[in-house]
Amino acid sequence: MALAKLEYHDFDTADTLAHRMAGHVAAALSVAIAERGQAVLALSTGAIPESFFLCLAQANIAWENIIITLVDERCLPLDHVRSHEGLVRHCLIQNHARKARFIGLYSPAGTAELSAFSAANRISNLPRPFDAVVLDLGGGGQIASLLPLGNRLKQALDSNCRALVVPMYAKESEDARLTMTLPLLTSARFVALHISGENKRRWLEQIQGDAMHSTFLPVSAFLGSVQNTVRVFYAPEAVPPKEEEEMVAEVVIEGEALAEQDEPAEPLL
């Protein structure tokens, strides 16, 4: 499988990374506006430092022509500490960026399935491909809420998936999630991937060398499908909640076991 070209941008600290990554994203948005009159930015939160959002909010670009959305969300109220929308509204939708239009994913529709359906309807009205996508590499090879052992991971990673947003449940997550599916993310014109910690960088290098390729690692599936260069923004410091290499091994083993089981047909959202 041919994998994406990775362009590394290495920094000594998370704050320096945040400042430079914000500059790259702002430049990509400005190019999109100059060429097409508007831009769509889809964001992760995860371990991305809040200073990235604060720096981006200060970029003097045509925010009135920019639509901001999220690549994933937790099914939680806006004022909850783990709400992705809450963080983005607090840290990004201010200063110059207050002129942007924001479209969230979660709505208190009763179930994650109904909320995903509502989110997909909103996302379907946005211009595609997205002009910029900012992702974070999480534990176990996760990107967005493409959870390594998620109940709908196979559907969400399918390159022919027609669903735009799906609900996701997994034993390693205490919250139900909403996530954009792989085709939406891999078609973006500009892709930034934030990573922190030596383990995660080593994963990428091993995946690139095909030493650790597994379709059960979402980041591996992503790198095998993405259409443009992935700009990797790396800072060394990280304090993982558990040994990340053990987590990756667990994901691959359990993923292979699950693949041998018959899966029920998933409804189209």
task: Return the distance in nm (one decimal) between the two label points of a simple spin-label model at S173 and H90, each offset 7 Å from Cα along Cα→Cβ.
output: 2.0
- request: For region 1-71, just the Cα atoms, rotate onto the principal axes and tell me the three extents in Å, largest first.
  value: 36, 34, 20
task: For V40, list long-range residues whose amide hydrogen, built 1.01 Å from N in the peptide plane, is under 5 Å from its own amide hydrogen.
output: I67, D131, A132
query: So what does the Cα-only Debye profile of region 117-168 read at q = 0.29 Å⁻¹, as log10 I(q)/I(0), no solvent term?
result: -1.25
message: Across region 89-228, what fraction of all alpha-carbon pairs, as a whole percent, falls in each successive 5 Å bin from zero upward?
response: 2, 10, 17, 21, 21, 16, 9, 4, 1, 0
task: Just rank E64, E50, fewest to most, by other beta-carbon atoms within 10 angstrom.
output: E64, E50
query: For region 6-259, what proportion of DSSP beta bridges, expressed in % and rounded to the nearest 5, is antiparallel?
result: 25
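Coordinate-derived values only; no laboratory data. Computed from a predicted structure; not experimentally measured. As a convention, Cβ positions derive from the backbone with ideal geometry for all residues, glycine included, and neighbour counts pool all protein chains shown.
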